[in-house]
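The values are calculated or read from the model by the stated rules, or taken from the named source; none is laboratory data. This one's a predicted model, so the numbers in the text were calculated from it and none came from an experiment. Neighbour counts are summed over all protein chains in view; Cβ atoms, including those assigned to glycine, are modelled from backbone coordinates with ideal geometry.
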Amino acid sequence: MTLPDRPENRRRSTRRAVLAGGTAVVVAAAAALWLRPQLGWAQQPARFARALAVPPLDQGQVVEGVRVFALNVADGETEFFEGIKTATRGINAPYLGPTLQMRKGETVRIEVRNSLAEPTTLHWHGLNVPAVADGGPHQVIAPGAVWAPSFTVHEVASTMWYHSHLMHSTARQVWQGMAGVLRIADDAADALGLPDRYGIDDFPIVLQDRRFTRSGTMPYAPTMHDAMAGMIGDVALVNGTIQPHLALDVARVRLRLLNGSNASIYDLGFADGRGFHQIASDGGLLARPVALNALRLAPGERAEIVVDISDGRPAVLRSVSGGARGMGMRMMAGAQNPAFEFLELRPKGAAAAPAPLPEVLAEMPRADAASATRTRRFVLEMGMMGGGFAINGASMDMERVDQVVTMGETEIWEIANAGPMMHPFHVHNTQFRVLDRDGLPPASAEAGRKDTVLVEAGETVRILVRFDHYTDRAHPYMYHCHILEHEDAGMMGQFIVV
Ligand code: C2O
Ligand code: CU
Ligand code: CU
């Protein structure tokens, strides 16, 4: 792989860009980096040379019927490149965090210690939890403090995730490494016989991209352009490993794909064109396995896929660029879905073909628009020239509640994208269903449980949403674009459930 010698890295200087919305984006003093003696790059890993890092599976400790996890958010150093230590942040690890294993129906408590020298938060993305346990911008954990939310796991078997959600700083903290996977199990899914041996035939696959300087640092230093388009890197990371391989001794493998990038939309597939089955979307199993050759994953989204590797041949998971709709949109969108070679699956040898997947995975009642009691409309806007990120004309304000929703009522949320970029719209505290895109029903892979939905430029997507279990007049939840630079710049709003 080649190391980024980016012209904007060299050009970058200390300056402060003020967004039209009044949000200041600090462009870091990257210039100073270039004054340091530069390291040689003999250490750079060859393509697929490194073994994939698999985050440890953390089952917590059951104490008086409660599953208790102990997390420590701290600074660390990661050797992305041989012999070079890069300053990063992580949770019980120098970069990223453990995979937290939970089961539907149980009560968990997560003790989060903030060992950073600055505030942070940890949000449980995809989970229906009390507002005070959500870990959004209002649940700030001061340096040295411990925050210990507790909740019941209402979710079905699924791949969720957790990440920093600090107001105006989510993008930077996630970039530095503050994210991890939640792996939720339930009895119904256990009975299906899907690959579920962690680290053997079932892997979390956190897809990200990062930029490194030639001295091996990974500064979060968005330019004016990055503030608009989002921070898109040029080095592919999987679970924090640069372009790794995964040695496998099985005939098929389940990959729990998470787009954990700040801003990149990945159009994924295998380089040899081989097909695979998608078995789950954001919030759990699909009704049936869906046969695909390609799959689009926006920031925040998850897709579980099962790949047949019984032919014994290596298979490269990659993303390709282009493919956005609309003439004028293509230039912007081309920048939004970069091409990367992420991971090489390396089977030990040919094996007998695996038994077919079950025909039915989960019960998935039809999403019925007639069950909704009201419709709310959300217009996603971005001012040109790097400013004015807003929803319905308003930039995020922590003191303002934008929507008041009644618990247990089904609603239609209509999300209209008025700008030139694609935006992944995420709603906290729920799994929703996609009703339609510009009036057309969703593809099968998008017809299951979702918490994040990509809205293309000029498109209107309708979702069917409901918030169960918890009311709280004092503490809001968030909805926002999951391009973290857009979220931090104000494309976010707040709702309370009453
Ligand atoms: Cu993945 Cu509001 O977050
Ligand atoms: Cu969330
Ligand atoms: Cu956006």
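Descriptive notes on the structure:
- Taken over segment 477-497, the residue count meeting the criterion of being over 20 Å from residue 454 (Cβ atoms) and more than 13 Å from ligand 2 (Cβ to nearest atom) is 2.
- Out of 79, 111, sole residue that is closer than 21 Å to residue 205 by Cα, modelled with pLDDT of 95 or more and among the charged types (D, E, K, R): 79
- Note on segment 114-127: among residues that are surrounded by 18 or more Cβ atoms within 10 Å (Cβ to Cβ) and more than 18 Å from the chain's Cα centre (by Cα), the one that is nearest to ligand 2 (Cβ to nearest atom) is 114.
- Selection within segment 415-429 - at pLDDT 95 or above and over 12 Å from residue 263 (Cα atoms): 415, 416, 417, 425, 426, 427, 428, 429
- All strands (runs of 3 or more DSSP E) inside segment 111-214 with 3 or more residues being within 15 Å of ligand 1 (Cβ to nearest atom), within 18 Å of residue 97 (Cβ to Cβ) and among the aliphatic types (A, V, I, L, M): 179-185
- Residues of segment 268-291 satisfying the condition of being buried (at least 22 other Cβ atoms within 10 Å of the Cβ) and part of a loop (DSSP other than H, G, I, E, B): 282, 283
- Within segment 437-481, the set of residues being part of a loop (DSSP other than H, G, I, E, B) and either within 16 Å of ligand 3 (Cβ to nearest atom) or under 17 Å from residue 299 (Cα atoms) (or both) comprises 449, 451, 456, 457, 458, 459.
- Check on residue 461, more than 16 Å from ligand 2 (Cβ to nearest atom), in contact with a strand residue (DSSP E or B) (Cβ under 6 Å, 6 or more places away or on another chain) and either of a type outside the set (Ser, Thr, Tyr) or at positive phi (or both): yes
- Inspection of segment 413-424 finds a residue satisfying the criterion of being closer than 27 Å to residue 288 by Cβ and in contact with a Gly (Cβ under 9 Å, 6 or more places away or on another chain).
- Every residue from segment 228-267 that is out of contact with any Lys or Arg (no Cβ under 7 Å at 6 or more places or on another chain), in a strand (DSSP E or B) and aliphatic (A, V, I, L, M): 236, 238, 253, 255
- Residues in segment 417-436 include none that are among the hydrophobic types (A, V, I, L, M, F, W, C), at negative phi, more than 16 Å from ligand 3 (Cβ to nearest atom) and part of a loop (DSSP other than H, G, I, E, B).
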